[in-house]
Amino acid sequence: MRTRKTAIGAALAALAVLCAMFATTASAAPAWKFESKSLEGKEVVLGGAIESSMTIPGLTTKCENFLYKLTIENVSGTGKGSLTEMPLFNCTTNSKYCTVEKIGAENLPWSSKLTTVSTTPYIIIEGVKVGILYEGEACVLGETFVTVTGSAGGSIDNAKETATFNASTLSASGTELKALSQKIEWNGLFPTEAFQWHREQALSVS
Amino acid sequence: MASRTGPERLLIAPAKAASARALLALALAALLLSGCGGGSSEEDPAAAAGDSTSAPAAAQAGSAAGSREAGGAAPGAAAPAKGQAGSTPSGSAAGTAQGAAAANGARVAVPRGPREQAPGAKEIEEATVADISLQSPAIVASAGHLGRLDPTYTCDGKDSWPTLRWAGVPAGTAELALFVMNLQPVEEKIFFDWALAGIDPGLSEIQAGALPKGAIVGTNGFGELGYSLCPQGAGETYMFALYALPTALSPHRGFDPLQLRKRVLDVSGNAGLLPAVYERG
């Protein structure tokens, strides 16, 4: 009898654990939603950074425009994405001695996924790789090709339909971008807006 | 009421177990039906709308042209009637950016100027690729900040070089060259705090204050043969740079580092770069 009671107790405990796991999974793996309904199939999100800058150690590199094209879908209830394009425009440095000769995203597409940090939805961009070729006779990085690599987590604001990337969001999501063996700073505010089948519909993550 | 002893409790256990099984079954059914009560149901918009993020509110904000413009509109980006453009846009992000700006309002800033080009394979081959890992225990980086150089290795301390360690020197390297440069040029020229050539490519570190055997010392920006890291003002940002050379350049002692670096950049395909900041006080 004791065994049976123990078994029942164990079953209930296991059930509670399972429920807790499901509850955690549900909150840790949010989905893309349009007008509160889960996205079915794929959608293209296209946007340009409202503001963005990247600080290579000692040298701030800014791009006036920073576009992106992200194909999103829900896979098994979890929001995923594939960043297929990220053209950059008018990139400069904060040093008059250093110019950005060439800059571009490499190894596209970069995969992305949604997750939850505390109660905030996040998008994690993985496999980030940006190549930069600097020029300038008096530039210590002149004729040097620097690569930014890593992953970046940005917090999603459903009300504003934006994703914010900065030191805090990268830290909170356990992601980092590195160049020259050091962590780099990336600040970016991106709108998250559908461009294809769900145009004009509110895009949210939950 | 008489309290039951342990054995008495066990005596009524069969009946309790039977009801417990029924209860367990009911509980299982209830929990499964309610999705264990965790998270919101994917198929339940009402539940989703009940999240902290209000979907209707988001929709309202999203459709308000004014709020979109406030979100960082590119000046002059026209926002014609929404949904006016084709429903299946195609093409690249760059190519469609202007269309997107027009169709979706001002949230997609219209790019100004030409699109930047990624370095091509030939350009990367001709450039010096910063892919050698260069580290120093005297340069400690904190999150989001440049590595800070220990004052010991400046003119406020011993004014001698710190330990430097590297990895990833390509095979076939004939020699290594090392420079410490101010990030900010002086009189429009790179200022060298230290220049060292002829370093054995088999080495993977330089110990603090110990010159590697066979290394050739250049003349630094102070006109001295050796190392001196001494900011003029409150502080300075420096770049420690190690270059792998496929051919030995064999400069003479006291060489001009500016001239040597030009030659280095012409031949070197790989470098290790370590920025560091030193601030007094």
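For the residues A:T119, A:T115, the requirement of being out of contact with any strand residue (DSSP E or B) (no Cβ under 9 Å at 6 or more places or on another chain) and surrounded by fewer than 21 Cβ atoms within 10 Å (Cβ to Cβ) singles out A:T119.
On the stretch given as region B:217-240, residues that are part of a strand (DSSP E or B), crowded, with 21+ Cβ neighbours inside 10 Å and touching a helix residue (DSSP H, G or I) at 6+ places or on another chain (Cβ under 9 Å) total 0. Of all residues in region B:198-207, none are within 13 Å of another protein chain (Cβ to nearest Cβ) and over 18 Å from B:G254 (Cβ atoms). Among the residues of region A:163-178, are any assigned to a strand (DSSP E or B), within 21 Å of A:E64 (Cα to Cα) and facing chain B (nearest Cβ under 10 Å)? No; the residues of region A:163-178 include none that is assigned to a strand (DSSP E or B), within 21 Å of A:E64 (Cα to Cα) and facing chain B (nearest Cβ under 10 Å).
Check region B:241-257 and report whether any residue there is part of a helix (DSSP H, G or I) and of a type outside the set (F, W, Y). Yes, the conditions are met somewhere in region B:241-257.
Of the strands (runs of 3 or more DSSP E) lying entirely inside region A:19-126, those containing at least 3 residues that are more than 9 Å from chain B (Cβ to nearest Cβ) and either over 18 Å from the mean Cα position of the chain (by Cα) or hydrophobic (A, V, I, L, M, F, W, C) (or both) are A:59-75, A:110-117. When region B:122-157 is filtered for residues that are under 16 Å from A:E143 (Cβ atoms), open to solvent by 40 Å² or more (accessible area, probe 1.4 Å) and either touching a helix residue (DSSP H, G or I) at 6+ places or on another chain (Cβ under 8 Å) or more than 7 Å from every other protein chain (Cβ to nearest Cβ) (or both), the ones remaining, listed by number, are B:K122, B:E125, B:E126, B:D131. Here A:R199 meets each of (1) within 8 Å of another protein chain (Cβ to nearest Cβ); (2) touching a strand residue (DSSP E or B) at 6+ places or on another chain (Cβ under 9 Å) with one exception, condition (2). Of all residues in region B:201-251, exactly one satisfies the criterion of being of a type in the set (V, I, T) and closer than 18 Å to B:G157 by Cα, namely B:T237. Considering only region A:138-162, state which residues are of a type in the set (D, E, K, R), within 8 Å of chain B (Cβ to nearest Cβ) and surrounded by fewer than 24 Cβ atoms within 10 Å (Cβ to Cβ). Answer for region A:138-162, where residues must be of a type in the set (D, E, K, R), within 8 Å of chain B (Cβ to nearest Cβ) and surrounded by fewer than 24 Cβ atoms within 10 Å (Cβ to Cβ): A:E143, A:K160. Restricting region B:231-267 to residues that are under 15 Å from B:I190 (Cβ atoms) and among the acidic types (D, E), which is modelled with the highest pLDDT? Applying the filter and picking the extreme gives B:D256.
The values are calculated or read from the model by the stated rules, or taken from the named source; none is laboratory data. Because the structure is predicted, anything quoted here is derived from the model rather than measured. Backbone-built Cβ (ideal geometry, glycine too); neighbour counts: all protein chains shown. For accessibility, only protein heavy atoms count, side chains too; no ligands or nucleic acids. Shrake-Rupley method; radii C 1.70, N 1.55, O 1.52, S 1.80 Å.
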